[in-house]
Amino acid sequence: MGCKMCALLLPYQQNWIRDKSRHKIGMMARQCGKTFTATLEAVDDCLEAEVNRQNNSWMILSRGQRQAEESIHAGAALHLTATKAVFKILDYKWDIAGINAHEIRFANGSKITALPATPDTARGFSRNVLLDEFAFHQHSRQIWQAVYPVISAGKKIRVISTPNGKNNKFYDLMTANDKIWSRHQVDIYQAVSQGLPRQISELQAGIGDPEAWQQEYELAFLDGLGSWLSYDLISGCEHVDAGKTEKYQGGPCFLGWDIARRNDLTVFWVLELVGDVLWTRQVTEMRRQSFAAQKAQLHQIMTNYHIIRAAGDQTGIGEEPMEHAKTMYGELRVEGVIFSAARKLDMATIMRAAFEDRRLRIPLSPAIRADLHSVRSVVGPSGAPRLLADHDGGSHADRFWACALACTVAALPTQPYSYLPIGGRSAGRSDDGLGWDADDGDTRTSGHHRQFTASLPPGGRIWR
């Protein structure tokens, strides 16, 4: 069937069908027929197996339920109808989670099944795989980790998408310097020049957004599209000395604590104010650690640094740890933050100001960089921006929020404080049980206390 059908396809579609590489990836502009072409290949493969009295099966993993259904009903089924092939379509529940499967079955036992992509649906079968619009899959790296073993026994893998920034597995695969993948790339100009009936000027005027046009039609990997912090902002604040505890100069510090217990990360982020710059002195990550272990880590940080203020996520499971922290170190020193949409936006805005003014130093870490970049800004129902983040790379922007919490408490107005030196009595707690003394100007300099003044510009923000 392939040769007959190829005669009806545009050159770039023919190139895709005729490429029999085991690992094949395509980056194509919107409205260029990439799903149409990819599902045609799956159909062709199954019909060829039927002719040879064999069977062959494909799994299509789509970005959502609607797209999965369309790939079968508006894609593979149309190809089979055009060839007058014998087949049947089944729509059924895939699992108890309520995910629907859409499937074409052939008389010889071959089948093409389409599902919305999740790390769970990507496991437990051995078939050829098509990842449709992969750059837009949530948890793309986890899906890839789950799906690649599926094709390890010689099966084929097909990946197609338009770009969606750089923080996803599609970008990694499309730009990797390797010889494994056969890569296809077709922008709107190439597609139209090869016969696609589209009016470029009309499309460009209709979309009305230069960045969207670059991504959807010119195939640009836009660095900060929708991201709260662009890679340029992040890299501008990275420093080789950030995150090294031995660089601590003994100055005033601020702590952000994002709390988790099971799947997400618990992250402690310590900032030291040096002049008017916030230097990261320590980032500690904990996964699936008990609250007792987290409290022990908090106690170590409160002992080893002169923490002026600390803030932690008091939402949900954070209630008990934050109540404990307030009791141990003082309610004026420790703040519990309820993560409402408005409060998250306030904290993220304060942190972005620090990045924009480059008065923040963060470690050189791919995991931190990806996490900070993962938070996206979308327009909410009221027109106000909302911040979203996928669970990708083993984190739910946990490093982002720990840093934002630390930046937020560092931005508050500051007055002179006295504190116990490192290793002082009561493990860093002062005589009043708060861990620090708000001082009205006296200059106690005994062996038990040291005093400093963290002076801030008007308005309290250290980066203003």
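Here, each number is a calculation from the coordinates, and none is a lab measurement. All values derive from a computational prediction rather than experimental measurement. Here the Cβ positions follow ideal geometry from the backbone for every residue, glycine too, while neighbour counts run over all protein chains shown.
Laid out as a table, the results:
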item: Tensor-based shape of region 226-275 (alpha-carbon gyration tensor, a/c under 1.5 rounded, otherwise prolate or oblate); result: oblate
item: Cut-off 14 Å between beta-carbons: net charge of the residues surrounding Ile317, Lys and Arg +1, Asp and Glu -1; result: -3
item: Cα gyration tensor shape of region 1-83, rounded if a/c is under 1.5, else prolate or oblate by comparing a/b with b/c; result: rounded
item: Highest average packing first - 235-244, 332-341, Cβ atoms within 10 Å; result: 332-341, 235-244
item: Net length gained if the chain between Arg262 and Thr81 were fully extended (0.36 nm per residue, minus Cα distance); result: 60.3 nm
item: For region 2-216, share of DSSP beta bridges that run antiparallel, in % to the nearest 5; result: 30
item: For peptides 57-67, 319-329, sequence by mean Cβ density within 10 Å, most packed first; result: 57-67, 319-329
item: Shape category assigned to region 210-319 from the gyration tensor of Cα positions, a/c cut at 1.5; result: oblate
item: Length added when fully stretched, Glu246-Thr315, from 0.36 nm per residue minus Cα-Cα; result: 21.6 nm
item: Under-5 Å amide H pairs with Asn100, H placed in peptide plane, nonlocal only; result: Trp94
item: Length added when fully stretched, Arg288-Arg30, from 0.36 nm per residue minus Cα-Cα; result: 88.7 nm
item: Cα radius of gyration and Dmax for region 190-253 (Å); result: 21.6, 68
item: Local electrostatic count at Trp181 - Lys and Arg +1, Asp and Glu -1, tallied over other residues with Cβ under 13 Å; result: +4
item: Anchor Lys34: lysines whose Cα lies under 25 Å away (excluding residues fewer than 8 positions away in-chain); result: Lys4, Lys20, Lys24, Lys84, Lys88, Lys111, Lys155, Lys156, Lys166, Lys169, Lys179
item: Residue-count net charge about Asn15 - beta-carbon cut-off 13 Å; Lys, Arg +1, Asp, Glu -1; result: +3
item: Computed over region 2-216, Cα set: Rg, Dmax in Å; result: 16.9, 52
item: Within straight-line cross-link reach of Lys295, aspartates and glutamates at Cα separation under 12 Å, skipping those fewer than 8 residues along the same chain; result: Glu320, Glu323
